[in-house]
Amino acid sequence: MIENNWNTSLYEGKHSFVWQYGEDLLQLLAPQPEERILDIGCGTGQLTAKITDTGAMAVGIDADADMIAKAKSNYPQIQFSVTDAREFHTETPFDAVFSNAVLHWIPQADVVINRIYQALKPGGRLVAEFGGKGNISTIKQAIYTVLTAMGQSPEKLNPWYFPSIGEYTSVLEQQGFDVTYAHLLERPTPLTDGDRGMENWIRMFGDRFFVGMAPEQISQAIQTIENLLKPILYQNGNWIADYRRIRVVAVRRGGGKEGRSEGVRE
Ligand code: BEZ
């Protein structure tokens, strides 16, 4: 994940759905024995470990030092390192790059996609899932409404990037990939911890909206956000987040002329 001082216990506990939902993305990755696979934004390493369980060799990177420390203690046999995906370099290119629930923290899509391109062998694949256009739109709207009423400028603090399929796949193509699969899917996601689910979620993933505010002001803002959201996202004692994801598979162009257009790299 992007450096954010994540609470690793919350990530592995109350927010474990982040990597649990990523498990079926692994089917799209279909790791093969002996393949070298880079897991970008590996968090505490659960999906990296699942990749190695198939016989592939996985390396996990994450910009957050606490996440990597926990990943190393969870899976000491796997190679993990604290690295920002926008700055990743390798001497030995990978067969595949995998990324779950991270690219929506990186608005510089061209930069990270270029790094992924450089990290892959020609013909190597990127398999990724991230928040797409319209992701958590109800939650985001409520945050914007409440913070604006409090005199804040939420658009300046927004850490999230939720592109459309068209936008993201265009960048992939410009950067030398052929996109073989792209899907935008609704994924209403039940949050754990009953009544407290939305507050936990906002404090974990939306904390950058509240930078510089006093603790009582933050609590008051979150309470008002919850009041706006309750009629829409709260059912039978549980909160449901209005997630919307993009899944994409893209193949790094090889030395041939396939899918190439003028002005495109290679
Ligand atoms: C997501 O996984 O879609 C997501 C998580 C936290 C904040 C924004 C998006």
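Here are a few things to note about the model shown:
- Residue count for region 117-153, restricted to those that are in a helix (DSSP H, G or I), out of contact with any Gly (no Cβ under 9 Å at 6 or more places or on another chain) and more than 27 Å from Gly212 (Cα to Cα): 2
- Filter result (in a helix (DSSP H, G or I) and closer than 30 Å to Pro122 by Cα) within region 173-222: Glu173, Gln174
- Tyr161 at pLDDT 95 or above, within 16 Å of the ligand (Cβ to nearest atom) and either out of contact with any helix residue (DSSP H, G or I) (no Cβ under 6 Å at 6 or more places or on another chain) or among the hydroxyl-bearing types (Ser, Thr, Tyr) (or both): yes
- None of Lys140, Lys133 is surrounded by 17 or more Cβ atoms within 10 Å (Cβ to Cβ), basic (Lys, Arg), within 16 Å of the ligand (Cβ to nearest atom) and within 17 Å of the chain's Cα centre (by Cα) except Lys140.
- Any hit, region 103-117, residues being away from the ligand (no atom under 16 Å from the Cβ) and of a type in the set (Gly, Ala, Ser): no
- Just one residue in the set Tyr161, Tyr234 is in contact (Cβ under 8 Å) with a residue 12 or more places away in the chain, surrounded by 15 or more Cβ atoms within 10 Å (Cβ to Cβ) and more than 28 Å from Asp64 (Cα to Cα); that residue is Tyr234.
- Of all residues in region 41-66 being open to solvent by less than 20 Å² (accessible area, probe 1.4 Å) and in contact with a helix residue (DSSP H, G or I) (Cβ under 6 Å, 6 or more places away or on another chain), the one that is farthest from Ala119 (Cα to Cα): Thr44
- Residues that are under 14 Å from Ala250 (Cβ atoms) and either open to solvent by 10 Å² or more (accessible area, probe 1.4 Å) or more than 13 Å from the chain's Cα centre (by Cα) (or both) within region 96-109 comprise Ala96, Val97, listed in sequence order.
- Applying a threshold of 6 Å to beta carbon distances and a minimum spacing of six or more residues, or different chains, the list of pairs starting in region 199-212 at a residue that is closer than 15 Å to Trp239 by Cα and ending at one that is open to solvent by 70 Å² or more (accessible area, probe 1.4 Å) and more than 10 Å from the ligand (Cβ to nearest atom) reads Asn200/Lys14.
- Qualifying residue in region 146-155 (condition: hydroxyl-bearing (Ser, Thr, Tyr), away from the ligand (no atom under 14 Å from the Cβ) and open to solvent by 50 Å² or more (accessible area, probe 1.4 Å)): yes
- For region 133-191, a residue qualifies if it is more than 23 Å from Glu226 (Cβ to Cβ) and among the small types (Gly, Ala, Ser), and the qualifying residues are Ser164, Gly166, Ser170, Gly176, Ala182.
- Positions within region 200-213 being out of contact with any Leu (no Cβ under 6 Å at 6 or more places or on another chain) and open to solvent by less than 40 Å² (accessible area, probe 1.4 Å), in sequence order: Asn200, Ile202, Phe205, Gly206, Phe210, Met213
The values are calculated or read from the model by the stated rules, or taken from the named source; none is laboratory data. The structure displayed is predicted, hence computed values, not measured ones. No Cβ is skipped: glycine too gets one built from the backbone with ideal geometry, and neighbour counts run over all protein chains shown. With ligands, DNA and RNA removed, areas are computed over all heavy atoms of the protein, side chains included. Shrake-Rupley method; radii C 1.70, N 1.55, O 1.52, S 1.80 Å.
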